[in-house]
Every structure is written in C-alpha cells, then in structure tokens.
Amino acid sequence: MPDQIGVGLIGSRFISSIHAEALKSVSNAAVRGVMSPSAGHARDFAQQHGIPLHFTDLDQLLSRNDIDMVVVGAPNNQHCEITLRAAKAGKHVVIEKPIAMNLAEADRMIAACSAANVKLMYAEELCFTPKYVRMKGLLDEGALGKPVLLKQSEKHDGPHADHFWDVERSGGGVTMDMGCHAIAFFRWLNGNNPIASVYAQMSTSVHGAKTRGDDNAIIILEFENGVTALAEESWTKLGGMDDCAEIHGTEGVAYADVLQGSSIQTYSTRGVGYAVEKAGITTGWSFTMYEEIWNYGFPQEMAHFVDCVQQNKQPLVTGGDGRAVLEAIFAAYQSAGTGRKVPLPFKTDVDKPYKLWKK
Ligand SMILES: NC(=O)c1ccc[n+]([C@@H]2O[C@H](COP(=O)([O-])OP(=O)(O)OC[C@H]3O[C@@H](n4cnc5c(N)ncnc54)[C@H](O)[C@@H]3O)[C@@H](O)[C@H]2O)c1
C-alpha cells in the first residue's frame, strides 16, 4: 500500500473547497489534481489550495496513475456519469449526496464500481459529525434505553447555486438536498434497520418564483423495528444554517445542536466578516461558528474514506446506503404527491423525484 493515497477533486466551488480544506489534515492523502469544466476555475482553485495539477477535462484527471481516488463535488445530475467514468478508469469514488438523480442511476453506479473493484463511498458527513457521533455513542451504550423517536433538521434560507433550484438538474428541492442528510442520519443511528414506510408533507412556500422544488418539508419515517423518525427541512429559514437532532429513548433523551449550540454568541453593530454558512447579515446578534468544517465532520469523513482505500476496509457509508436514502426520498415525494403513507420497498421508473410530487 502506498504511504499516501492520491486524490483528485472533481468540482471547484462550494463543497470542493470544503473537501480540499478537510483533506489538508489527512496525512495519508495527497490531493494531486482538481478538475472543473469552467476555464480558470480549476486553475484558481489549484493555486488557492496548493494543488499541483488542474484540468478542465475529466479524462485527463482520470488518466493519472498517481490518483487513486476521486471526490465528486459536482451537481447532482453529473454524479452518475462521473462515477461511471471514474470506475472505468479504476479510481475509488467518494460521491457527494444525494447519490444520484434516480434509482436506476444509483444501481448503475454501484454495479460499475463493483465490477471495477473500486469502492463507492457515500459522503454523508453527519455520520462523522463529532457531536452526533457522541450522541450515537450514548444510544449505543444504552444510556437512553431503547430508541423510540429520532428527530433531525437542517434549515437555511436556500442554496447558493442555480443548479439546486432547477429541479431538472437537482431532481427535487429541499427534501432531495437536505432530507437526504436526515434519512442517512436516521438509518445510521438505527443500525441500518430497514425503513418500513415514509410519509411526507411538502410545500413551495417562499421561493415559488425561483423553483418548482419544495422549499419546506416534513418527512416521517417508520422503521421495521418500530422506531419513528421525523425530519424537518427548510430552505426558508433566515439567520444562518441550523443543524439539530434529538434522540428520545425509553430511558432518556438527548438533544444536539451542531452549529448554534457550538457557536460564539456574538453581538456586533458592524457585523462580523463570517459567522456561519448562509448567515446573511451579521449585524446585531449572530452565531459565530469556529472550526465549522471540523464540527461538521468533514476532515473525519475524508480521513475515514482515505483509510478505507489505503487499508482496503469497508466504508461506514457506501453506495448501497446512498441508494437506500434515495429510495426513501422517492417515497417521500410519492407521499407528498398522493397524501398517503408509502410502504417500502418502493419501486419507480420515474427519472427525478420531484415528478412524483408535481404530477
Ligand atoms: N455534504 C454536504 O453538506 C454538501 C453541501 C453542499 C453541496 N453538496 C453536494 O455537492 C454537490 C456540489 O454542490 P456545490 O454546493 O459544491 O455546488 P457548486 O455550484 O458550488 O459547485 C459545483 C462544481 O461542480 C462543477 N461542475 C459542473 N459540472 C461539472 C461536470 N460535468 N464535471 C465536473 N464538474 C462539474 C462546477 O464547475 C463547480 O465547480 C451537489 O451534489 C450537492 O448536493 C453537499
């Protein structure tokens, strides 16, 4: 095994900057190249992060023998195509959430990585978020008794890039974008017990001029072992990102707030340079986050995936987990479209989840 795993970043904007920062603390990883289709972006990104090579052509990055693993931070509608090409080139793949636009794509990605004998690792950072890892520890040691109700919510005032708002490129709104975190989180907490049913209520309540996707969603999952889980997702919440969870058990309860609960409560008449993701204005009171990327678990996530490649270990979150999350997302849109609880397994040939809601 090489001392260092060579990494190629695909994408050069929001999440790829986090990947680059996170990988700087992973000593057995060396980021050797970045690829992004817009001329100039990859070059500037490479310069900013001290990455030796930059490309606008994916095949050039994939042809490098010194790159073992790629980390995909491209829009949702590119995940499948990039993964298939990376697998064909023999690269291990870390794929951002949601895994793909539809279940057929997810199946093709899993099959291609399996056939090429490369790992497909699903980048769900909530499984590495230090506060949530500690919270799961409380559940696993029995301190909370048997889990009864799980809750998780992510809320901010809407994404930063056009492709999220365009359901043809994203596949759906806030359920696709952030509901995927909650569903993966619940499955992880609940030992990957199968989801029995999904019920969802969705609305486009504020951003109707901008998107056909949902900007608020309530999703209720029932697991086969009797645990109920409730996700609250919003693209209309002002004042910066919220990321909170609750575990209610027969012997106790645990509440965790990743961002505001860990932040410096700041009051400034001038505003602070940066408070937290999507803070908007920062005059008056704001929640000034420190070590934001670490508190989310991105360096821990990247360290785990690099270790899996180097030591040939089974990743904590795989393509199969990403597919299970996507299946529940499709069921949620079906539920929001019909007003009924949807049992799993849920099969559909529909190519994008939002179509099950906006029939
Ligand atoms: N885990 C998280 O918390 C998290 C947070 C944000 C985004 N994401 C996911 O990451 C992905 C990217 O989101 P983002 O916020 O970085 O978007 P972004 O718009 O900030 O960046 C997208 C990048 O992808 C590049 N790109 C576009 N088409 C491409 C192609 N065909 N091949 C290679 N690169 C291409 C763009 O040039 C850009 O550099 C999405 O799937 C999103 O859901 C995950």
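No lab work stands behind these numbers, since they all come straight from the coordinates. Worth saying up front: this structure is predicted, and the values here are computed from it rather than measured. Quick reminder, even Gly has a Cβ in these numbers, built from the backbone with ideal geometry, and neighbours come from all protein chains shown.
Per residue of segment 53-64, in order, report the coupling 6.51 cos²θ - 1.76 cosθ + 1.60 (Karplus, θ = phi - 60°) as ³J(HN,Hα) in whole Hz, putting x for Gly and Pro.
10, 9, 9, 9, 10, 4, 4, 5, 5, 5, 7, 6
Can you tell me the length gained on complete extension of the stretch Tyr267 to Asn65, counting 0.36 nm per residue apart and subtracting the Cα distance?
On the way: separation 202, 0.36 × 202 = 72.72 nm, distance 5.12 nm.
Once the chain is fully extended between Tyr267 and Asn65, it gains 67.6 nm.
Please tell me the relative contact order of the chain in percent, rounded to the nearest whole number, where contacts are Cα pairs under 8 Å and at least six residues apart. Mind dumping the intermediate values first?
Working: 806 pairs, mean separation 68.9, N = 359.
Value for the chain: 19 percent.
How large is ³J(HN,Hα) for each residue in segment 136-145, as worked out from phi by the Karplus curve 6.51 cos²θ - 1.76 cosθ + 1.60 (θ = phi - 60°), to whole Hz, x for Gly and Pro?
In residue order, the calculated couplings are 5, x, 4, 5, 5, 7, x, 4, 9, x Hz.
Per-residue counts of other Cβ atoms within 10 Å, averaged by peptide: what ranking do you get for 285-294, 239-248, 180-189, highest first?
Working: 285-294: 17.0, 239-248: 21.2, 180-189: 25.3.
Result, highest mean Cβ count within 10 Å first: 180-189, 239-248, 285-294.
In terms of modelled amide H atoms, which long-range or inter-chain residues lie less than 5 Å from the amide H of His54?
Those lying under 5 Å, H to H, from His54 are Val34.
Computed FRET efficiency, Cβ-Cβ of Glu246 and Trp285, R0 25 Å: what is it to the nearest 0.05?
Values: r = 24 Å, r/R0 = 0.97.
According to the calculation, E is roughly 0.55.
Among the listed pairs Lys146/Lys341; Lys88/Lys210; Lys88/Lys359; Lys91/Lys359; Lys136/Lys237, give every one whose C-alpha distance is greater than 31 Å. Show your work: numbers first, answer last.
Values: Lys146/Lys341 25 Å; Lys88/Lys210 37 Å; Lys88/Lys359 36 Å; Lys91/Lys359 39 Å; Lys136/Lys237 27 Å.
Over 31 Å apart, Cα to Cα: Lys88/Lys210; Lys88/Lys359; Lys91/Lys359.
In whole Hz and in residue order, list the ³J(HN,Hα) couplings for segment 94-107 that follow from phi through the Karplus curve 6.51 cos²θ - 1.76 cosθ + 1.60, θ = phi - 60°; x for Gly and Pro.
With coefficients 6.51, -1.76 and 1.60, one gets 9, 10, 5, 7, x, 4, 6, 7, 7, 5, 5, 4, 4, 4 Hz.
Give, in nm to one decimal, the length gained when the segment between Lys359 and Ala209 is fully stretched (0.36 nm per residue of separation minus the Cα-Cα distance).
Working: separation 150, 0.36 × 150 = 54.00 nm, distance 1.86 nm.
Taking Lys359 through Ala209 to full extension adds about 52.1 nm, to one decimal.
Once every DSSP H run of n ≥ 4 in the chain is given -39500 (n - 2.57) and the sum is divided by its residues, what mean residue ellipticity at 222 nm do you get, rounded to the nearest 500 deg cm²/dmol?
Values: 13 runs with 120 residues, N = 359.
So the helix-based figure for the chain works out to -9500 deg cm²/dmol.
Which whole-number percent is the relative contact order of segment 1-105 (Cα, under 8 Å, 6+ apart)?
Numbers: 184 pairs, mean separation 28.0, N = 105.
With pairs under 8 Å counted, the relative contact order is 27 percent.
Note the full-extension length gain between Asp351 and Arg134 as 0.36 nm times their separation in residues minus their Cα-Cα distance, in nm to one decimal.
Details: separation 217, 0.36 × 217 = 78.12 nm, distance 3.75 nm.
Once the chain is fully extended between Asp351 and Arg134, it gains 74.4 nm.
Would you work out the relative contact order for segment 125-282, in percent, from Cα pairs under 8 angstrom that are 6 or more residues apart? Walk me through the numbers before you get to the answer.
Numbers: 305 pairs, mean separation 48.2, N = 158.
Reported as a whole number, the value is 31 percent.
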